[in-house]
Amino acid sequence: MKRGRPRAGLEKLQVGEQAAILLAESISAELILLDEKSARRIAAQRGMRISGTLGVLGEGVARGMVDLPPAIDRLRRTNFRCSAALMKATLDRFTAS
(Lines give C-alpha, C1' and ligand atoms only; values in the text may rest on other atoms or scores of the structure.)
Protein backbone atom coordinates (compact mmCIF):
# COMPACT_ATOMS: atom_id res chain seq x y z
CA MET A 1 0.00 0.00 0.00
CA LYS A 2 1.26 3.46 -0.77
CA ARG A 3 1.84 5.55 2.31
CA GLY A 4 0.73 9.13 2.69
CA ARG A 5 -2.67 10.13 1.39
CA PRO A 6 -4.53 6.82 0.92
CA ARG A 7 -7.00 8.32 -1.57
CA ALA A 8 -4.29 9.91 -3.71
CA GLY A 9 -4.68 8.80 -7.32
CA LEU A 10 -8.20 7.46 -6.79
CA GLU A 11 -10.05 10.71 -7.46
CA LYS A 12 -11.02 9.84 -11.04
CA LEU A 13 -12.52 6.47 -10.12
CA GLN A 14 -16.12 5.82 -9.17
CA VAL A 15 -16.85 5.65 -5.45
CA GLY A 16 -17.28 1.86 -5.47
CA GLU A 17 -13.93 1.28 -7.15
CA GLN A 18 -12.25 3.65 -4.71
CA ALA A 19 -13.81 1.79 -1.78
CA ALA A 20 -12.81 -1.62 -3.17
CA ILE A 21 -9.18 -0.56 -3.58
CA LEU A 22 -9.01 1.04 -0.13
CA LEU A 23 -10.64 -1.98 1.50
CA ALA A 24 -8.32 -4.42 -0.30
CA GLU A 25 -5.33 -2.39 0.87
CA SER A 26 -6.61 -2.13 4.44
CA ILE A 27 -7.01 -5.89 4.80
CA SER A 28 -3.90 -6.74 2.72
CA ALA A 29 -6.03 -8.71 0.28
CA GLU A 30 -4.16 -11.16 -1.93
CA LEU A 31 -6.31 -10.26 -4.94
CA ILE A 32 -8.80 -7.60 -6.00
CA LEU A 33 -11.57 -8.11 -8.53
CA LEU A 34 -11.80 -5.16 -10.94
CA ASP A 35 -12.99 -4.97 -14.53
CA GLU A 36 -12.77 -1.24 -15.25
CA LYS A 37 -9.52 -0.45 -17.07
CA SER A 38 -8.76 2.75 -15.14
CA ALA A 39 -9.34 1.05 -11.78
CA ARG A 40 -7.12 -1.89 -12.80
CA ARG A 41 -4.35 0.50 -13.84
CA ILE A 42 -4.44 2.37 -10.54
CA ALA A 43 -4.61 -0.83 -8.49
CA ALA A 44 -1.58 -2.16 -10.38
CA GLN A 45 0.29 1.08 -9.71
CA ARG A 46 -0.47 0.54 -6.03
CA GLY A 47 1.10 -2.93 -6.21
CA MET A 48 -2.10 -4.96 -6.09
CA ARG A 49 -2.72 -8.31 -7.75
CA ILE A 50 -5.82 -8.02 -9.97
CA SER A 51 -8.30 -10.31 -11.64
CA GLY A 52 -11.46 -9.56 -13.55
CA THR A 53 -14.74 -11.32 -14.09
CA LEU A 54 -13.33 -13.39 -16.95
CA GLY A 55 -10.38 -14.43 -14.80
CA VAL A 56 -12.73 -15.59 -12.05
CA LEU A 57 -14.74 -17.60 -14.57
CA GLY A 58 -11.50 -19.12 -15.88
CA GLU A 59 -10.52 -20.13 -12.36
CA GLY A 60 -13.94 -21.75 -12.00
CA VAL A 61 -13.31 -23.74 -15.18
CA ALA A 62 -9.89 -24.83 -13.90
CA ARG A 63 -11.52 -26.11 -10.71
CA GLY A 64 -14.29 -27.91 -12.60
CA MET A 65 -16.96 -25.60 -11.22
CA VAL A 66 -17.95 -23.64 -14.34
CA ASP A 67 -18.99 -24.61 -17.86
CA LEU A 68 -17.55 -21.60 -19.63
CA PRO A 69 -19.51 -21.31 -22.92
CA PRO A 70 -22.93 -21.06 -21.20
CA ALA A 71 -21.46 -18.74 -18.54
CA ILE A 72 -20.10 -16.44 -21.26
CA ASP A 73 -23.46 -16.52 -23.06
CA ARG A 74 -25.21 -15.43 -19.84
CA LEU A 75 -22.56 -12.75 -19.24
CA ARG A 76 -23.13 -11.34 -22.73
CA ARG A 77 -26.79 -10.76 -21.82
CA THR A 78 -25.84 -8.48 -18.94
CA ASN A 79 -24.36 -4.98 -18.88
CA PHE A 80 -20.83 -6.45 -18.66
CA ARG A 81 -18.63 -5.04 -21.39
CA CYS A 82 -15.30 -6.18 -22.82
CA SER A 83 -13.84 -6.56 -26.26
CA ALA A 84 -14.95 -9.44 -28.46
CA ALA A 85 -11.27 -10.37 -28.79
CA LEU A 86 -10.88 -10.71 -25.01
CA MET A 87 -14.06 -12.78 -24.76
CA LYS A 88 -12.82 -15.08 -27.57
CA ALA A 89 -9.35 -15.35 -26.03
CA THR A 90 -10.90 -16.39 -22.71
CA LEU A 91 -13.04 -19.03 -24.41
CA ASP A 92 -10.06 -20.29 -26.40
CA ARG A 93 -7.79 -20.44 -23.36
CA PHE A 94 -10.15 -22.23 -21.03
CA THR A 95 -12.02 -24.50 -23.43
CA ALA A 96 -9.05 -25.72 -25.51
CA SER A 97 -8.69 -29.48 -25.39
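The values are calculated or read from the model by the stated rules, or taken from the named source; none is laboratory data. Source: prediction; values computed, not measured. Using ideal geometry, Cβ is built from the backbone for each residue, glycine included, and neighbour counts are taken over all protein chains shown. These area figures cover heavy atoms from the full protein model, side chains too; ligands, DNA and RNA do not enter into them. Shrake-Rupley method; radii C 1.70, N 1.55, O 1.52, S 1.80 Å.
Per DSSP helix of 4 or more residues, -39500 (n - 2.57); summed, then divided by the residues of the chain. What does that give at 222 nm, rounded to the nearest 500?
Numbers: 5 runs with 52 residues, N = 97.
Computed mean residue ellipticity for the chain: -16000 deg cm²/dmol.
Go through VAL56, VAL61 and list them by solvent-accessible area, largest first, probe radius 1.4 Å.
VAL56, VAL61
If I model a spin label as a point 7 Å beyond the Cα along the Cα-Cβ vector, how far apart are those points for SER51 and GLU30 in nm?
Using points 7 Å along Cα→Cβ, the separation is 1.0 nm.
Distance in nm between label sites at ARG63 and ALA96, each 7 Å beyond Cα in the beta-carbon direction?
With each label placed 7 Å out from Cα toward Cβ, I get 2.3 nm.
Using alpha-carbon pairs under 8 Å, 6+ residues apart, how would you state the relative contact order of the chain in percent? Present the calculation step by step, with values, prior to reporting the outcome.
Values: 64 pairs, mean separation 19.1, N = 97.
Here the relative contact order equals 20 percent.
Top to bottom by accessible area (1.4 Å), largest first, where do ARG74, ARG40, ARG93, ARG46 land?
Final ranking, largest accessible area leading: ARG93, ARG74, ARG40, ARG46.
Report in % the part of the accessible area of the chain that belongs to carbon and sulfur, leaving out ligands and nucleic acids; probe 1.4 Å. The partial results should precede the final answer.
Details: 3630 of 6860 Å².
Ligands and nucleic acids excluded, carbon and sulfur reach 53 percent.
So if each residue of separation counts as 0.36 nm, and I subtract the Cα-Cα distance between ASP73 and ALA89, what length gain in nm does that give?
4.3 nm
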